[in-house]
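Visitor: Below is the structure I would like to discuss, written out as structure tokens.
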Amino acid sequence: MNEVDLLSKIQHPNIISLLGCSINGHTKFIIYELMQNGSLEAQLHGPSHGSALTWHMRMKIALDTARGLEYLHEHCYPPVIHRDMKSSNILLDANFNAKFAPAASCKLTDKSDVYAFGVVLLELLLGRKPVEKVATTQCQSIVTWAMPLLTDRSKLSNIVDPVIKNTMDPKHLYQVAAAAVLCVQPEPSYRPLITDVLHSLIPLVPIELGGTLRVSQVTQHVSSADPPV
């Protein structure tokens, strides 16, 4: 059980804790710590449609996830590639701390994880699913839909999740959009290291949530922002 072997060796606040495992014939059970608020996917796309997740909470979830990935990429020897990073695999505890279970792979690169993280950033920012049905027999990815709009500041505020629209400093919105655009570049060599993405997110998260942002500064920026058109 490669997953059990890996989890037994990895200890990080943003990687889910392994409590035990059991093998009964061909049936295998893995027991993780309880994550009371379920998956990020359920929070964003379930009945509540993200209403419990403020802008700062979303940025904290992104920061937590980036910290876990950085640990796997930069501090594990050999480096661990997650290979299946997505909102359904990001779990939230009672305080909305984000954690995930790693799944090692030697077939992908760290830039594959960065792309997947960029998709999660887009979900947090836009409130859309990774793939949306646009017609009876057609689907469109969030990347394909969003890329033409993310780099146009005049259009960006119109595609943000309505739950968080006009609740953040516009400069922070542009920064997150820019980070997401870099992460989902088609050419892997153009994507940043997860360490670089992590460092770009830290200043956007309040101090009390693990970042370096002073919330009073944000309140001032939001209150002085132009009203929505």
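The values are calculated or read from the model by the stated rules, or taken from the named source; none is laboratory data. None of the values given here were measured: they were computed from a predicted structure. Cβ sites come from the backbone with ideal geometry, for glycine too, and all protein chains shown count toward neighbours.
Visitor: Scanning for something within 20 Å of P186 (Cβ to Cβ) and not β-branched (V, I, T), does the range 89-106 turn up at least one residue?
Guide: For the range 89-106, residues within 20 Å of P186 (Cβ to Cβ) and not β-branched (V, I, T): absent.
Visitor: Go through (1) closer than 30 Å to K171 by Cα; (2) part of a strand (DSSP E or B) one by one and return the number of the condition C21 breaks.
Guide: The number of the failed condition is (1).
Visitor: Check I61 against each of (1) under 21 Å from E208 (Cβ atoms); (2) of a type outside the set (S, T, Y); (3) in a loop (DSSP other than H, G, I, E, B); (4) touching a residue at least 40 places away in the same chain (Cβ under 8 Å) and name the one condition it does not meet.
Guide: (3)
Visitor: Six or more apart or on different chains, Cβ under 8 Å: which pairs go from a residue in the range 17-34 that's among the hydroxyl-bearing types (S, T, Y) to one that's at pLDDT 90 or above and exposed (fewer than 11 other Cβ atoms within 10 Å of the Cβ)? Could you list them?
Guide: Sorted first by the residue in the range 17-34, then by its partner, the list stays empty.
Visitor: Ok, one more. Just checking, how many residues over the range 178-194 are of a type outside the set (A, V, I, L, M, F, W, C) and exposed (fewer than 15 other Cβ atoms within 10 Å of the Cβ)?
Guide: 5
Visitor: Does A94 count as out of contact with any Pro (no Cβ under 8 Å at 6 or more places or on another chain), surrounded by 20 or more Cβ atoms within 10 Å (Cβ to Cβ), touching a residue at least 24 places away in the same chain (Cβ under 8 Å) and not hydroxyl-bearing (S, T, Y)?
Guide: no
Visitor: Then there's this: Please work out if P130 is more than 21 Å from K171 (Cα to Cα) and surrounded by 19 or more Cβ atoms within 10 Å (Cβ to Cβ).
Guide: So P130 fails the test.
Visitor: For R128, state whether it is out of contact with any Lys or Arg (no Cβ under 7 Å at 6 or more places or on another chain) and at pLDDT below 95.
Guide: no
Visitor: Okay, moving on. Looking only at the range 3-41, count every residue that is among the hydrophobic types (A, V, I, L, M, F, W, C), modelled with pLDDT of 85 or more and under 18 Å from Y77 (Cα atoms) and tell me the total.
Guide: 2
Visitor: A further question on this structure: If you take the residues of the range 24-41 that are outside any loop (DSSP other than H, G, I, E, B) and in contact with a Ser or Thr (Cβ under 8 Å, 6 or more places away or on another chain), which of them is farthest from L213 (Cα to Cα)?
Guide: Out of the qualifying residues, it is K28.
Visitor: Quick check, is N158 of a type outside the set (A, V, I, L, M) and on the phi > 0 side of the Ramachandran plot?
Guide: Spelling it out, it is not the case that N158 is of a type outside the set (A, V, I, L, M) and on the phi > 0 side of the Ramachandran plot.
Visitor: Further question on the same structure: How many residues are at pLDDT 95 or above, among the aliphatic types (A, V, I, L, M) and in contact with a helix residue (DSSP H, G or I) (Cβ under 7 Å, 6 or more places away or on another chain) if we restrict to the range 102-125?
Guide: The qualifying residues number 7.
Visitor: Here's another thing I want to ask about it. What number goes with the only condition from (1) under 12 Å from the mean Cα position of the chain (by Cα); (2) of a type in the set (A, V, I, L, M); (3) part of a helix (DSSP H, G or I) that L72 does not pass?
Guide: (1)
Visitor: Right, here's the next one. Report yes if some residue within the range 19-26 is within 18 Å of A98 (Cβ to Cβ) and surrounded by 14 or more Cβ atoms within 10 Å (Cβ to Cβ); otherwise report no.
Guide: The answer is no; no qualifying residue exists.
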